[in-house]
Amino acid sequence: MNYWSLFSNNVIITVIGIAGIVFFSSFTAYILDRRQNKYTKFIHTLVITPMLIPFQTIMITLLKVMNVLHLSGSIWGLGIQYWGFGIPMATFIYFNFLKTIPHEIDESAKIDGASTIRTFFSVIFPLLKNVTITVVVLDVMWIWNDFLLPLLMVNSNSKTKTLVLSAYTFVGQFNTQWQYAMTAMVLAIVPSIIVFVLLQKYIVEGVVAGAVKG
Amino acid sequence: MTRSTKRRLGLILIEIIVVIVGIIYIYPVFLMFMNSVKPFREVVTDVIALPTRLAWETTATSLTR
């Protein structure tokens, strides 16, 4: 195993996961906030309720489903699976923040002739910068250092392994090479620590951004 | 003991507790970093001891294995 190939696997999985989570959850939250009726309230509940479901309770059935869809054993498939686990929390954070953005901004964009999609991407999404950074940091820390889902999905092939899984290869049933395991773990977590240190000031800003409405 | 003294003592106590909890949280991470630069023999004989020498060759090996 080469560090840089494992590193690139991690980067691909994290980028796919984060891109999907940010895109779908921000747009979902926008529509759910701006078009409030009984149907969107029901969909809102449906979207954020999966936060309550522990991963361990669904992992076996998820693995079976992914085998049927031919998405297990692929880093692209693994990245896509993070959408399902990350979107509920991200939607919840975006939804709370979007309440603080006045509807008049949308209306003025509409008067200028912008469609809903154009309004969102050109006007609203730039205002979500702090919240987006919060979502990105939290999800990078989670996806980069995740162990159980990659172990289930991509551990069978050495070409698709992640950095954390490679650290686990030094742990054996009868013999554990602790010095390599420790070093591999350090090498695995250092990039996520760097991301956290660089962006940590945005986390608190983003988390409390939607806390006070007014 | 005045009210402000009691308040100050309470704050000092809370700070001490927070520092202890912080050390408890950070210690495993410190151990991981420290053991990553220790030779195998030192890792298995005494996990919490400081390294006698920095074994950077384990890092080089981990990068390629």
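Observations on the structure shown:
- Peptide-level mean, for B:31-41, of C-beta atoms on other protein chains within 10 Å: 4
- About the Cα centre, charge dipole magnitude for the protein assembly as shown (Lys/Arg +1, Asp/Glu -1 at Cβ), debye: 460 debye
- Per residue, the stretch A:117-198 exposes 47 Å² of accessible surface when a 1.4 Å probe is rolled over the protein heavy atoms with every protein chain present.
- A viscosity of 1.002 mPa s and a temperature of 20 °C, combined with the Kirkwood radius over C-alpha pairs in the Stokes-Einstein formula, give the stretch A:35-101 a diffusion coefficient of 156 µm²/s.
- Candidate residues B:46, A:146: accessible-area rank, largest first, probe 1.4 Å: B:46, A:146
- With contacts taken as Cα pairs under 8 Å at a separation of at least 6 residues, chain A carries a relative contact order of 31 percent.
- FRET efficiency for residue A:193 and residue A:74, using Cβ-Cβ distance with R0 set to 25 Å, rounded to 0.05: 0.35
- Taking every residue in A:170-180 and counting other chain Cβ atoms within 10 Å of its Cβ, the average works out to 4.
- Alpha-carbon radius of gyration plus Dmax, which is the widest Cα pair, for the stretch A:55-207 in Å: 20.0, 70
- What the Cβ-Cβ distance of residue A:38 and residue A:99 gives, at R0 = 22 Å and to the nearest 0.05, is a FRET efficiency of 0.75.
- Extension gain for residue B:49 to residue B:3 (0.36 nm times residue separation, less C-alpha to C-alpha distance): 12.1 nm.
- Residue A:79 sits among other residues whose Cβ lies under 14 Å from its own Cβ, and their net charge, with Lys and Arg +1 and Asp and Glu -1, is -2.
- Pairs of Lys residues in chain A, spaced 8 or more positions apart or belonging to different chains, with C-alpha separations under 20 angstrom: 9 in total.
- Each part reduced to its alpha carbon centroid, the stretch A:122-156 and the stretch A:67-98 end up 9 Å apart.
- Surface share of carbon and sulfur [accessible, 1.4 angstrom probe, percent] for chain B: 72 percent
- A convex hull fitted to the Cα coordinates of the protein assembly as shown yields 210 cubic angstrom per residue.
- Per-residue average of Cβ from other chains inside 10 Å of A:53-65: 0
- Cβ-derived FRET efficiency at R0 41 Å, residue A:19 paired with residue B:33, nearest 0.05: 0.85
- Gyration tensor verdict on the stretch A:1-115 (Cα atoms; rounded if a/c is under 1.5, prolate if a/b is larger than b/c, oblate otherwise): prolate
- With a 1.4 angstrom probe, the accessible area lost at the A-B interface totals about 1500 Å².
- Chain A: DSSP helices with Cα axial extent of at least 27 Å and average Kyte-Doolittle hydropathy no lower than 1.0: A:3-34, A:75-98, A:178-209
The values are calculated or read from the model by the stated rules, or taken from the named source; none is laboratory data. Predicted model, so just to flag it, every value in this text is computed and none were measured. All Cβ positions, glycine included, derive from the backbone under ideal geometry; neighbour counts span all protein chains shown. The protein model used for the area step is the full one, side chains on, heavy atoms only, and it has no ligands, DNA or RNA in it. Shrake-Rupley method; radii C 1.70, N 1.55, O 1.52, S 1.80 Å.
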